[in-house]
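Engineer: Just passing along the structure, written as structure tokens.
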Amino acid sequence: MQTLTELAPEFIRAIAPYRAGKPVADVVRELGLDPSSVVKLASNENPLGLGSKAKAAIAQAAQDLGRYPDANGFSLKASLAAKHGVKPEQITLGNGSNDVLELAAKAFLTHGTNAVYSQYAFAVYPLATQGCGAQSKVVPAVCYTHDLDGFLKTIDAQTRVVFIANPNNPTGTFVNQQKLLAFLDAVPSHVLVVLDEAYNEFLRPEDQYDSTQWVAKYSNLLVSRSFSKAYGLAGLRVGYSVSSTAVADLLNRVRQPFNVNSIALAAAEAALGDAEFLKKTYEVNLAGLEQLQSGFKFLGLEYVPSYGNFVLVKVGNQADSGAKVFDALQRLGVIVRPVGNYGLPEWLRVSVGLPHENEAFLTALPKALAQVAG
């Protein structure tokens, strides 16, 4: 007789769980390092932490945790609707933008359908697709970014969702608005296009575009955003999407009640209005990208120019180069992200930190490379 776990659906048992960036506490415990000497550049977090307005809102919200949160997030939705010039009914809140991606998959994917996304795309796309028993159709990347013409050739009658991360994680590449609009004009109406913009706030002014306004024209478009990156609320898990009211209604039918907690709702609303903190975050990130990429040039390392708050850098030519350099860096007190699970085993993804953190990494990197080579 089969066991209970053996009776679980094969597509669930076949899922490889998501691997997050390694916490500082794990490295300290495993390697016996001084916590104050460890630098974490692994999870694309905001090195500034969170802003003063969010901190004040958290303190206030903490006074009333005996009550359930607002299940509909009325106040945060109203602020987001005002910011984007849409109706509150077009907004879906999530426990991080990952939650929104999962909701889109649950609402539209099932056995016999498929989702289309790029090689080197965000790891949650295959997880969300497989979790619904649907098929993944992976389009080969071109220069580490999305081949939208290839997407159009791959879409078929069973395609229900297309995932596009822009900028893309982990490669940091970017597709401009002209290409995106041309794609939206050509994609069939039976396909939901999920435009995942978790790193949108890091784009330079000349690259900015307002995709939330496109929803009025494209009823099959869902734009996903996050408070975890530029807004510094990674530990609270708040994300949202803007879509047609019809799509938002479906997402809310599969959304868990109270999926965003009271502190997260309050902090996100306060952070949304903290333009000064967002400006500082942008400036720190821009300088950090230049610092890291200049360091890679000096070391003669190949890297992918980034539009996000991280950089993908090649650290060897062997299938285990990334893992070995990652391990060597850990022993030197620097945590980055190996990306072998993305099909990039020779590369590392490095988050932008504060200037002294970036410098600590750039100082440790040649030592780690020498250790691995020696």
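Engineer: Tell me whether the range 241-261 contains one or more residues that are touching a residue at least 40 places away in the same chain (Cβ under 8 Å), within 18 Å of the chain's Cα centre (by Cα) and more than 23 Å from GLY172 (Cβ to Cβ).
Structural biologist: For the range 241-261, residues touching a residue at least 40 places away in the same chain (Cβ under 8 Å), within 18 Å of the chain's Cα centre (by Cα) and more than 23 Å from GLY172 (Cβ to Cβ): present.
Engineer: Mind listing just one residue for me: the one in the range 58-77 that is under 24 Å from the mean Cα position of the chain (by Cα) and in a helix (DSSP H, G or I) and, of those, farthest from VAL260 (Cα to Cα)?
Structural biologist: Across the range 58-77, the extreme among qualifying residues is ILE58.
Engineer: Another question about this same structure. Determine whether the range 245-254 contains at least one residue that is in contact with a Leu (Cβ under 9 Å, 6 or more places away or on another chain), exposed (fewer than 14 other Cβ atoms within 10 Å of the Cβ) and either of a type in the set (Val, Ile, Thr) or in a strand (DSSP E or B) (or both).
Structural biologist: Within the range 245-254, one or more residues are in contact with a Leu (Cβ under 9 Å, 6 or more places away or on another chain), exposed (fewer than 14 other Cβ atoms within 10 Å of the Cβ) and either of a type in the set (Val, Ile, Thr) or in a strand (DSSP E or B) (or both).
Engineer: Just give me the residues in the range 151-195 being surrounded by fewer than 17 Cβ atoms within 10 Å (Cβ to Cβ) and among the small types (Gly, Ala, Ser), in sequence order.
Structural biologist: ALA157, ALA182, ALA186, SER189
Engineer: Looking only at the range 321-356, how many residues end up being more than 21 Å from LEU289 (Cα to Cα), at pLDDT 95 or above and touching a Leu at 6+ places or on another chain (Cβ under 7 Å)?
Structural biologist: 0
Engineer: Got at least one residue in the range 354-368 being among the hydrophobic types (A, V, I, L, M, F, W, C), assigned by TED's automatic domain parsing to the domain that holds ASN44 and surrounded by fewer than 19 Cβ atoms within 10 Å (Cβ to Cβ)?
Structural biologist: Looking through the range 354-368, at least one residue is among the hydrophobic types (A, V, I, L, M, F, W, C), assigned by TED's automatic domain parsing to the domain that holds ASN44 and surrounded by fewer than 19 Cβ atoms within 10 Å (Cβ to Cβ).
Engineer: Tally up the residues in the range 210-264 that are of a type in the set (Val, Ile, Thr) and within 25 Å of ALA54 (Cβ to Cβ), please.
Structural biologist: 6
Engineer: Quick one: ALA266 ticks every box in (1) without any contact (Cβ under 8 Å) to a residue 40 or more places away in the chain; (2) buried (at least 22 other Cβ atoms within 10 Å of the Cβ); (3) of a type in the set (Gly, Ala, Ser) except a single one, so which number is it?
Structural biologist: The failed condition is (1).
Engineer: Moving on. Which ones in the range 320-335 are in contact (Cβ under 8 Å) with a residue 40 or more places away in the chain, under 15 Å from LEU33 (Cβ atoms) and either assigned to a helix (DSSP H, G or I) or under 21 Å from the mean Cα position of the chain (by Cα) (or both)?
Structural biologist: Passing the criteria: ALA328, GLN330, ARG331, ILE335.
Engineer: Does TYR307 qualify as being assigned to a helix (DSSP H, G or I) and among the hydroxyl-bearing types (Ser, Thr, Tyr)?
Structural biologist: Answer is no for this residue.
Engineer: Among the numbered conditions (1) more than 30 Å from ALA157 (Cα to Cα); (2) crowded, with 23+ Cβ neighbours inside 10 Å; (3) free of Cβ contacts under 8 Å to residues at least 40 places away in the same chain, tell me where GLU206 comes up short.
Structural biologist: Only one criterion is unmet by GLU206, namely (2).
Engineer: Among what's in the range 70-85 and is at pLDDT 95 or above and surrounded by 15 or more Cβ atoms within 10 Å (Cβ to Cβ), pick the residue that is farthest from SER211 (Cα to Cα).
Structural biologist: Per the stated criteria, the residue is GLY73.
Engineer: Do the conditions hold for ASP64, that is, is it closer than 24 Å to ALA268 by Cβ, surrounded by fewer than 18 Cβ atoms within 10 Å (Cβ to Cβ) and not aromatic (Phe, Trp, Tyr)?
Structural biologist: Here the answer is yes, as ASP64 does meet what is asked.
Engineer: Mind telling me which of the residues ALA42, ALA14, ALA20 ends up being modelled with pLDDT of 80 or more and among the small types (Gly, Ala, Ser)?
Structural biologist: ALA42
The values are calculated or read from the model by the stated rules, or taken from the named source; none is laboratory data. Since the structure is predicted, the reported quantities are computational estimates derived from the model, not experimental observations. Heads up, the Cβs are rebuilt from the backbone with ideal geometry, glycines too, and the neighbour counts pull from every protein chain shown.
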